[in-house]
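Working notes, beginning with the structure itself.
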Amino acid sequence: MGQTAFTVRMDSDVKKQFDELCKDFGMSSNTAFNVFARAVIKKQRIPFEVESEREAKLRQAREAFERIEKYKAEHDLPELTMEEIDEEIRKYREERRQKKNNNQ
């Protein structure tokens, strides 16, 4: 199997950090890219999750909601009304504002 060159442009500081980390792993950055390419081919996908900050926050919110629902079911807690939910949110925001003001 023949070999070919592959050029990647990146920030020089990122390259320096990447090279140093690869060296710590006992490989070159060239080897690291080859490992990555082979993993993509083998798995037929990027071998790690890529998501926007917005998607990460939405995922975390969904997970929190699911934990709350599970807790409610395990402890036989009643459903909250929209007014009760709004009041809980208001209290939380007020506590957060107070903490922020106390830290300044």
| When region 44-91 is examined, which residues are found to be touching a Phe, Trp or Tyr at 6+ places or on another chain (Cβ under 8 Å) and farther than 30 Å from residue 34 by Cα? | 77
| said: Please pick out the residue among 13, 76 that is out of contact with any Gly (no Cβ under 8 Å at 6 or more places or on another chain), open to solvent by 90 Å² or more (accessible area, probe 1.4 Å) and at pLDDT 95 or above. | reply: 13
| said: What are the pairs with Cβ atoms under 6 angstrom where one residue, in region 25-49, is within 16 Å of residue 5 (Cα to Cα) and the other, located anywhere, is among the charged types (D, E, K, R) and surrounded by 11 or more Cβ atoms within 10 Å (Cβ to Cβ)? Sequence gap at least six, or different chains. | reply: 29/19
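The values are calculated or read from the model by the stated rules, or taken from the named source; none is laboratory data. Values in this document were obtained by computation on a predicted structure and should not be read as measured data. As a convention, Cβ positions derive from the backbone with ideal geometry for all residues, glycine included, and neighbour counts pool all protein chains shown. Ligands, DNA and RNA are excluded from the accessible area calculation, which covers all protein heavy atoms including side chains. Shrake-Rupley method; radii C 1.70, N 1.55, O 1.52, S 1.80 Å.
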